[in-house]
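In what follows, a single structure is set out as structure tokens and then discussed.
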Amino acid sequence: MNAHAYGGLVRVLHNLGTTVLHVVHAPARDGTDLGGIVIHDPMEDLALPPHALVLGVGLAKPADIARLLGDLGRQHAVALIVREPVPLDPRVAAAADSSGVGVIGLARGASWAQVAAMLRAVLAEGDVGADGPETLGGTLSGDLFAVANAIAALIDAPVTIEDRHSRVLAFSGHQQEADASRAETILGRQVPERLARQLTTRGIYRDLYRSDGVLQIPPLSDGREAATMPRVAVAVRAGDEALGSIWAAVRAPLTPERCLALRDAAKVVALHLLRLRAGADVERRLRADLVSTALEGRAGAHEALSRLSLAGRPVVVLALATRYDIDGGATPGGPDAGLATERERLADAFAMHLGSVHPHSAAALLGDVAYGLVPAQQHGGGSEEGGGSEEGAVRIAAGFLDRVGARTGAVIGVGPVGEDAAGLARARSGADRALRVLRAGGGDRRVARLADVHVEALLLELRELVAARGDEPTGTIARLAAYDRARGTNLVETLRAHLEAFGDIGAAAAAVHVHPNTFRYRLRRLAEVGGIDLDDPGARFAAMLQLRVLPP
């Protein structure tokens, strides 16, 4: 989080209004600029930036809410958001009064991830390094919610601004005047799939992006609810490129004057979207440069950490990538032209997740790996030991992967704690090594610390080394492999089973599906052919290492 203030709670309530949030107990500091959005975790010590807006995930009991309000008041938080119905009993009311912290109810249909995303959109900080505010069409540059409200006032109808994929970028107030599908669209930040399918099959999206005018959309119904209100929509363009669209829920056709106003508004929205896109590209490049410099641990690392608000803090490094884009970007289904876009989308989601967990985290996509820098937790005035901080990072990583699902094939390696700028290079190396093991391996494991996979990392590095040098099996393994090739026997397989079963004849025989007596015969034969003393621990280790690193 940089030094810019987010803006006050009044702005949040004005934009989200009764659709998503409503005030249960008014805060004493509602005019104060918000200093950040924080998700409360009952398992972690509460450490807030000044004037925070806190998301009380999982809070339902009045005693827990009252106790948290007291803690928030001591840290000068502005308000606490809890899921409706809010139990405003005397204990909660008294705690809210004494702490000065407001209590805000969250609508049942909204998920916490959706709310965090909407709040961050409403309270966007602006471009990194911006010298001052700029306006486009009389509205603060990039403030799409203000633009949406202005359009709604012009045409007297609640509107949404959406991108080409029907994701909601901003919406106006008075959405309660629309229908249930509009509320569902706003809560999900996306047009519901069943309605998007109708819009596609009826050719409405096609006509919208082919036309320069205002498109009239009749009511839609899929049998699950009453027919929607009629809509009007206009495409938002920059030259020949369609950037998105504006949608309004109307009860009667728009007058020609309002249609013209909507078309003119689309030109203003196009400027804002282009400005946002350019600003996002600049911010992404700047943040990537800062994160890259910090992770190198050389000259400039301390300055980069200072600009990321991470100087003087022990930091855990997380490395995110997908299993399927190693060596040329191939996915299981073949080359993927949209792989770079998918990586950027995943990296942006990763950055948002880390930002919701800790306001001073930083993330950037470097090559095909997204790196996250998260301050190590501190308890009781002292730093937690590295293992504990790494375990906290594992929980953060697992929470993110649970949200994005297994379809992406994403995996995250967690490095050791970097105590200072010089230690970050070692932390990054640890995260990279853990990530490489996860990407190279199969199974269901998606998160790992280096400590969890250290031996596997060493073996992987050995395999790469011997492959680069062109080494081949020697000694016992070479002799057994040659014998197997010449005679069609299975002595290498027998040796592997024997070593992996630690000499347990019954278990080893079962592993290769032969009788124990047959297995004993094969053991005697491989000892003769391979010239190996199976009672010698050094000989066993050498054979196992070759089988792991130099498979014949």
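All of the numbers you see were taken from the coordinates with simple rules; none came from a lab. What you see is a predicted model; the values in this text were computed from it and never measured. Glycine gets a Cβ as well: all are built from the backbone with ideal geometry, and neighbour counts include every protein chain shown.
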About its Cα centre, region 472-549 carries a charge dipole, from +1 on Lys and Arg Cβ atoms and -1 on Asp and Glu Cβ atoms, whose size in debye to the nearest 20 is 240
Using alpha-carbon positions, the gyration tensor of region 472-549 gives root eigenvalues a ≥ b ≥ c; with a/c under 1.5 called rounded, otherwise prolate if a/b exceeds b/c, else oblate, the class is oblate
Region 135-277: relative contact order from alpha carbon pairs under 8 Å, six or more residues apart, as a whole percent, is 27
Semi-axes in Å, largest first, for region 346-490 (Cα gyration tensor, √(5λ)) are 38, 18, 14
Using alpha carbon centers only, region 494-552 is separated from region 405-454 by a whole-angstrom value of 33
Env charge @ Leu260, Cβ radius under 13 Å, K,R +1 / D,E -1, value 0
Taking Cα pairs closer than 8 Å and at least 6 residues apart, the relative contact order of region 472-549 in percent is 33
